[in-house]
Each structure stands twice: as structure tokens, then as C-alpha cells.
Amino acid sequence: MNTPCTKLHLFVDGELSATEADAFRQHLTRCEECEVGLRDLLQLELLASRALAGTGAEQAGSGKVTPLRPWLHRAYRAAVPVALAAGLAAVGVYQMQAEPRMPSEVFLASADTRTLAARLSHPNADHFRRFEPMRGTSTSSEALPLRPLAELEERQDFRGIAAAYGLRGDWQQAEAFLARAPESADKDNDRAVVALSRQRYEGKDKDDRAAVVLSRRRYEEALEFLNSALRQEPKHPQALWNRGLALQGRGLSKQAEESFREAAAVPGQDAGWVEEALTRANELKTLRETEDARWRKEVKESWQQLAAGTADVKQLAQKQPAAARAALYESVRTATTPDQVAALRPLAVELDGVGGGAVLQDYVRDMMARDFSARAPLAREYAKLVSEGQPPPGMLEALRRSKEWDLYFGALVYTGEAQKDAEALEALQRFARDSRDPWLSLVVERELARSEGLTGRKVAAEQQLLATLRSCEAYERLNLFHCAEIN
């Protein structure tokens, strides 16, 4: 009778077609008889190999045991991960006196390139190869040899098994085996790699918004694991590298650059890892500087149009609301007469119409009522700060005493003084709270994060920046704020 069980030897011999082999793999996970048969065949090969090794029957000059039969030599290569449903323990019957050398195909050592951007902690899975991004979400077609996996499990090297599956893109199996590994910095690093890798495909069936939210969540999950790893081993090269990837994915490019540079500085690594880490860091720096220059140019052009009276405020508010908002604040701060401030009211109306509320109209109205005999000289000093980048001597103290809080706010942000002075930071917080403008509150939160960073509290700074980003991203559909400015 032609039942699936009669095909066991054909499967082990590698004589089934690809379709038939796939069908038999599915059958094997549900058939106890075939599972036992497969185990017996693998045991037979092991016993025969040991017997031949004991009699000295070796290939001349090769140092390798002669296979009992060609199909036995192919058995564990053809079996792939078919026994996973029953557990690798079912075939983990090997008791070696010495730890065997893993075949290179277990960790794809013969590959010329790698498709995984992240770094796994297992030594056999962390050999440097040039990175070539994976196209689509397909996994490696190279099958996992079953016998070495059983040997890895016998030694309880669950990270090794997880790494083998991870290199082939099977993150579900990788995560399952990692759960069995003892707690360590290496385990936390590899759990972060699982999170980083799963974010690539988990959102593929969701709408764009849901996919973005899920991706961000995975990056933050990875950061939690990586921060745990680095608390245990501050110079963990793989964790520093992967932290760079997670921070980059989350939009914190400056922190990502720093993490890649830290990874490159860890001694004892392959020169390829060092070179790629520095390349990634330099690319992040260039991209950040390019984006910063683009943003500043956009704000400056909007500001100049407002100053010249040539701005189409309706179009500006609809197409570039974030830049228009920044330009509005700078225009008010540098205005030297009430009429110049009043001329900005139409833009405030348009921007409030986009975002809702009336915070900008209230700001313009309040500034029109200021005493410009005192404010105008300070506004000119502020304009000089913006154009030259350096505050005139005594400017910050003069602004603090003047009670022109919006000018003081702008000057503290430009100079970065609030990051170093707790009293100045409190002044920022007070003005933002009184203004009721969420953008000013986000700027204050960013300055608070930078203050944490200056005092060496890197993780606290990172958490503050992430919280600020989440707040900013809540407005991103309206394009009200330029969230890259948070970084």
C-alpha cells in the first residue's frame, strides 16, 4: 500500500521531488512512526561512524570517517527542521565526548554576503560579510542540517540554534529557542535582533498607519532589550551596533550615530565590522546635516517672504505648516513695531485653522500689546543672535530681566543654555505652559532630554526623546510640527 510512511527512505535519500518532500515534511511532524524511523536512521549513522572511526577506517589523507552509505551521509542534510513540532529532543540522542565542530552550513559560513543588518551574539553567527539588503521578505532557501541542531540542543546551546534559524529568517523558531536560553546580555541582544527583524514583515498586511505604529513599537521593544544587555555589558559590540539600528529606525539619528561609533571602538573585532560601523555613523551624520540644512532653508525662506510681505499665507499654511509656524515665531520675535506683528495675524489665523484652537492668534495679539520702546532693542539683539549664531555679551541676562519671555525662550533654545542651567530650563517650561502651544512644549521636552544627556544619563535622555517623539507624531497627519527637529 502506498502510504506516506513508505516514502521515508526516499525522503532520506533525497529522491523525492521538491513538492513531495514538502508534503512529507508536513506528514513527519504528525507521524510518530516516521519520527521514530528517522531517529533510528540517524542513530544508525552515528553508530556506524563511531565504529568505523574506532577501526581506523578513514579516508586516506582526509581525516574524515568514511560514510556507511551515501544516503546516510545525506540523511541529516535532507531532513531539515521537520522534527520541530515534536521537539529536537526526539533526535538529540548524541553524547559526544568532545564538542563537535559545527558544519559551516549551519551558520551560512560559506555565503559571500549577509542579508541581516543586525548582529547576532553567537560567535559562529557573527562573522563579518558584506551587507546586501534582502529583497522582499523571503527566507534563506538553504536547509538546516538536523543532526548538528540536535547536537546543539544536547549541549543546550539554544542561542546557537536560534542564530541558525535567524540567519535563515525564521524568527518564530529563533524566538522560541531563545526563550529556552539562560538570561544574559547575549540573550537580550539576540531578542532585540528578533524584534528588529520581525518589524520588517509584521505590518505588511496592515494599512500604512498601523504598519508604521507597529514598526515603531518593535524598534522600542528592541531598545528595551539592548539597554538591558548594555547594563550588563556596557561594551557589548553587537548590542551597541544593534542599538544604532534601533535608534536609527526610531528616528533618533544623532544617538544612532553615537552608538555605531561606540560599537566601532570596541577592541578585538573583525576590521570589517569596524569599517561598516564607521560608514553607517558617517552616513547618519551626513543625512542629519542635510536634513537640518533643508529644514533651516525652508524656515528662512518662509521668514523672508513674511518680512517682505510677499508670502501667500494660505498656501504657506496648507503646504508647509511646520516651517510656517517656525517662521511665524521668528518673525514675531524679530519684529520691532506693533504693525509688523499685526501683519502676521493672517498667517496665525490660517495655522490655527489647520491645527485647531487659537494659540497663535493669542500670541500675536499679546505681542502687539507689548511696550516696543523696551522690546524693540531686544528684538534687534535677538535678530543679531539668529543671524550670527552668538549672543551679544549680557544678552541672556537682559532678556531674563526684561520679562520678554518669548525672546528669552528663543535665545535659550538657540544658545543651548537651558540644557546646562536648571533655572533657565524652568523658565522655558513656564513659558511653554503659559503659551498653551504644544510645539513649544515639545521643544522644552527636547531641551530636557539634551540636559539629561549632558549629565551622562544616556538612557534617561533616550527615554525622554522617545516620549517627545510620540507626542510629536500624534500631530504628524496634520504636518504641524517637524518631528526631526526633536533630534
Top positive-direction residue, dipole computed over the range 289-486 with Cβ charges, set ALA348, LEU465, GLY410: ALA348
Additional length obtainable on full extension of the chain from THR337 to VAL349, 0.36 nm per residue less Cα span: 2.3 nm
Check: the range 423-487 dipole with +1 on Lys, Arg Cβ and -1 on Asp, Glu Cβ, in debye: 100 debye
Distance in nm between pseudo-label sites at ALA374 and THR310 (7 Å out along the Cβ direction from Cα): 3.7 nm
Cut-off under 5 Å, modelled amide H: who pairs with ARG114 long-range: ARG130, PHE131, GLU132
Distance in nm between pseudo-label sites at LEU278 and GLU15 (7 Å out along the Cβ direction from Cα): 5.8 nm
C-alpha center-to-center spacing [the range 404-423, the range 445-487] in angstrom: 17 Å
Selection from SER121, ASN189, PRO133 lying farthest towards where the dipole of the range 117-287 points positive, charges on Cβ: PRO133
Order of GLU33, GLU291, GLU151 under a 10 Å beta carbon neighbour criterion, fewest first: GLU33, GLU291, GLU151
Ranking of THR279, THR113 by count of other Cβ atoms within 10 Å, fewest first: THR113, THR279
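Shape call for the range 117-287 from the C-alpha gyration tensor, a ≥ b ≥ c root eigenvalues: rounded (a/c under 1.5), prolate (a/b greater than b/c) or oblate? Please report the intermediate quantities before stating the final value.
On the way: a/c = 1.57, a/b = 1.19, b/c = 1.32.
It comes out oblate by the Cα gyration axes.
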Within-10-Å neighbourhood charge of ALA324 [Cβ basis; K, R +1; D, E -1]: 0
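At 0.36 nm per residue, minus the direct Cα-Cα distance, what do THR6 and HIS127 gain on full extension? Give it in nm, one decimal, please.
Details: separation 121, 0.36 × 121 = 43.56 nm, distance 4.17 nm.
39.4 nm is the gain from fully extending THR6 to HIS127.
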Amide H partners (placed H, <5 Å) of ASP157, local residues excluded: none
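Counting other beta carbons within 10 Å of each residue's own, what order do LEU440, LEU149 fall into, fewest first?
Values: LEU440 22, LEU149 27.
Arranged by neighbour count, lowest to highest, LEU440, LEU149 become LEU440, LEU149.
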Gyration tensor verdict on the range 289-486 (Cα atoms; rounded if a/c is under 1.5, prolate if a/b is larger than b/c, oblate otherwise): oblate
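Every read-out reported here was derived from the displayed coordinates using simple, explicitly stated rules and does not represent laboratory data. Values in this document were obtained by computation on a predicted structure and should not be read as measured data. Here Cβ is always computed from backbone atoms with ideal geometry, including for glycine, and neighbour counts include all displayed protein chains.
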